[in-house]
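Inspection log for the structure reproduced underneath, given as structure tokens.
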Amino acid sequence: MDVFSTYIEMSQNMRNYSETRHYNKTESNATVIIASRPPGHYSVSAANLVELDDGRALIGRIDQLSNLDKDQLKQLYKQQLRDGAHGSGGAGLGLIEMARRASEPMEASLEERQEGRAIFSLRVTI
């Protein structure tokens, strides 16, 4: 169930981002891959086009989350629920939830492209 939930969260984040940026069909292409990793783990990876500044901010957010333990992630999730951050967009609660499900720190990268854009990649191991 955690693998499926992570897949859905990633897919929704990519779709919502492309819509808010008014990307055309080519720009909104994205990839999600689910792979089995021994022993008994799964890797859910995704990649999509983002504005470079947005990608840099996302990398920073993921780095912050990677430094938190499970209890801290749970507290942060509850705090954002209380603060109403789930309505703000920008992969807030969903990103925290993926970090909570992960068995290893999330891995993210940014590959700069032309015109102030980049390919953002995220891998979550469950």
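The values are calculated or read from the model by the stated rules, or taken from the named source; none is laboratory data. Here the structure is a predicted model, which is why all the values come from computation and not from measurement. Virtual Cβ from ideal backbone geometry, glycine too; neighbours counted across all protein chains shown.
When both residues are 6+ apart or on different chains and their Cβ atoms are under 8 Å apart, which pairs have a first residue that lies in region 34-46 and is closer than 21 Å to residue 58 by Cβ, and a second that is in a loop (DSSP other than H, G, I, E, B)?
Sorted first by the residue in region 34-46, then by its partner, the pairs are 43/126; 44/126.
Which of the residues spanning region 13-32 are over 22 Å from residue 44 (Cβ atoms) and in contact (Cβ under 8 Å) with a residue 60 or more places away in the chain?
20
Here's a check for you: in region 99-121, which residue that is touching a helix residue (DSSP H, G or I) at 6+ places or on another chain (Cβ under 7 Å) and under 17 Å from residue 17 (Cα atoms) is surrounded by the most Cβ atoms within 10 Å (Cβ to Cβ)?
120
From 58, 76, which residue is in a helix (DSSP H, G or I), free of Cβ contacts under 8 Å to residues at least 24 places away in the same chain, surrounded by 15 or more Cβ atoms within 10 Å (Cβ to Cβ) and among the hydrophobic types (A, V, I, L, M, F, W, C)?
Details: 58 fails: free of Cβ contacts under 8 Å to residues at least 24 places away in the same chain.
Going through 58, 76 in turn, just one is in a helix (DSSP H, G or I), free of Cβ contacts under 8 Å to residues at least 24 places away in the same chain, surrounded by 15 or more Cβ atoms within 10 Å (Cβ to Cβ) and among the hydrophobic types (A, V, I, L, M, F, W, C): 76.
Report every pair of residues separated by at least 6 positions or lying on different chains whose Cβ atoms are under 9 Å apart, first residue within region 81-105 and part of a helix (DSSP H, G or I), second modelled with pLDDT under 85 and hydrophobic (A, V, I, L, M, F, W, C).
Close Cβ pairs (under 9 Å, with a partner that is modelled with pLDDT under 85 and hydrophobic (A, V, I, L, M, F, W, C)) amount to 93/85; 98/91.
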